[in-house]
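Single-structure report; data block below.
The values are calculated or read from the model by the stated rules, or taken from the named source; none is laboratory data. Everything numeric in this text was worked out from a predicted model, so none of it was measured. Cβ coordinates were reconstructed from backbone atoms using ideal geometry, including for glycine residues, and neighbour counts include every protein chain displayed.
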Amino acid sequence: MLKNYILVAIRQFTRHKVFSALNIFCLAIGISFCLLVGEYVLRQYAVNQDLRNIGNQYLLKSDWKIKNTGPEITTVGPVVKALKKDYPDLVANYFRFNPVTNVVSAGDRHFKEDVAISDTTLISMYGYPLLYGDPRHAFANSSSAVISEELALKLYGDRNAIGKLVTLTLTTGGTQDFTAAVTQAVRAQWTDGSTNDVTIQNTGTTAINGWTVTFDAPFEITTVWNAQLVSHVGTKYTFSNIPGFWNARIAGGTSIDFGFNTRLDVGQATGISNVTLNGKAV
C-alpha cells in the first residue's frame, strides 16, 4: 500500500513539475514560518522564568502627580523599605538599583561599563547562579561587587574574581573643579516628621554637570523628590541627580534643589552634617 502511494506521488511530481515544485516550496515556507513563530513564543515565555519565585515578583512604580518628578518605570527608594517594615507578612524581600555608567578599573586596565548600585539582595532574591563564591553571602559588605564572567576576563584575565580589587570611578565626578555650597532648610515639622529642602548653590563660574550629595542624618528619610536615593548605610545617605532631569546640570552662579520627608522620634534633631558634593566637603 505504502509503495503504491509513493509511486503515485512520483508520477504526479513528474507529470506536473512546476505545480508540484510550487506546492512543495509553499509548504516549506509555511512549516518554516510555524517553526519560527513557535521558537519566538517559547523564547518569550522563557524570559525571566529562571528567576526565583518569578510568580511572586512585582515591579513597583509611582504615578507622579507632577510631571517629570521622576522616571516613569520606578519609584522612590524608601517606599519598598517601608513596605517591608510595615507589612513583613506580605513583603518577603526587596531589591533596589540605580543604573549608572562607570569607569571600571583593575590595575592599569580601564573600561567604561554600565553598572548598577544596588541592594545586596540581588543574588538571594533572584537566585542567579554564581561561578565562584557563596550565593548565600555574595556580598561581603556594602563595598562588595558581583561581576560577570566576561568582565572578570577583561579585568583580570581570569574567571575567578573572588577577593580581587575593582575600582569604580563615576564618569560625572572626581576630576571636576567647582566651588559650591549645600544648605538644608526645614520647610515644615510636625510631631513625628518633617519636610526639608536641600539647595545646591554653584558659587563658581564652572558648571557642575551631574551631582552626588552625601550627608549624615540622625533621622530616617521616607520620601524624596527631584533626586534619587543612591545608598543608605547607617546614618549616611547618598543622593544623586536623576539622569536627564532638569536639575542635573548646575550652571555657574545658579542653584538647584531637591527635598525629602523624614520620620522623627520625639526630640530628635532635624539637621544634617558631614555634607559632601561629588566627594568634596562643602
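What to note about this one:
- A Cβ distance below 9 Å, combined with a sequence gap of six or more or placement on separate chains, defines the contacts here; from the stretch 181-209, residues that are among the aromatic types (Phe, Trp, Tyr) reach residues that are modelled with pLDDT of 85 or more in the pairs 190/264.
- Taken together, the residues in the stretch 236-259 that are over 16 Å from residue 100 (Cβ atoms) and of a type in the set (A, V, I, L, M) amount to 3.
- Residue identified as in the same structural domain as residue 189 (by TED's automatic domain parsing), touching a Gly at 6+ places or on another chain (Cβ under 9 Å), at pLDDT below 90 and surrounded by 14 or more Cβ atoms within 10 Å (Cβ to Cβ) among 249, 263: 249
- Per-region count, the stretch 253-273, residues in contact (Cβ under 8 Å) with a residue 60 or more places away in the chain and either part of a loop (DSSP other than H, G, I, E, B) or not aromatic (Phe, Trp, Tyr) (or both): 11
- Among residues of the stretch 75-124, those that are among the aromatic types (Phe, Trp, Tyr) and assigned to a loop (DSSP other than H, G, I, E, B), counted: 3
- Filter pass, residue 242 being over 20 Å from residue 271 (Cβ atoms), assigned by TED's automatic domain parsing to the domain that holds residue 191, of a type in the set (A, V, I, L, M, F, W, C) and over 18 Å from the mean Cα position of the chain (by Cα): no
- Residues in the stretch 86-108 that are closer than 30 Å to residue 263 by Cα, among the aliphatic types (A, V, I, L, M) and at pLDDT 80 or above: 90, 91, 92.
Residue-by-condition table, conditions (1) over 27 Å from residue 109 (Cα atoms); (2) modelled with pLDDT of 85 or more; (3) assigned by TED's automatic domain parsing to the domain that holds residue 268:
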position	(1), (2), (3)
164	no, no, no
188	yes, yes, yes
191	yes, yes, yes
196	yes, yes, yes
206	yes, no, yes
215	yes, yes, yes
221	yes, yes, yes
228	yes, yes, yes
234	yes, yes, yes
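- In the stretch 84-93 there is no residue matching the filter, namely being free of Cβ contacts under 8 Å to residues at least 24 places away in the same chain, touching a strand residue (DSSP E or B) at 6+ places or on another chain (Cβ under 9 Å) and not assigned by TED's automatic domain parsing to the domain that holds residue 259.
- Tally of residues being of a type in the set (Gly, Ala, Ser) and in a strand (DSSP E or B) across the stretch 187-239: 4
- Exactly one residue out of 224, 266, 230 is among the hydrophobic types (A, V, I, L, M, F, W, C), over 20 Å from residue 201 (Cα atoms) and under 18 Å from the mean Cα position of the chain (by Cα), and it is 230.
Yes or no, residue by residue, for (1) β-branched (Val, Ile, Thr); (2) more than 29 Å from residue 121 (Cβ to Cβ):
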residue	(1), (2)
14	yes, yes
20	no, yes
30	no, yes
40	no, yes
55	no, no
65	no, yes
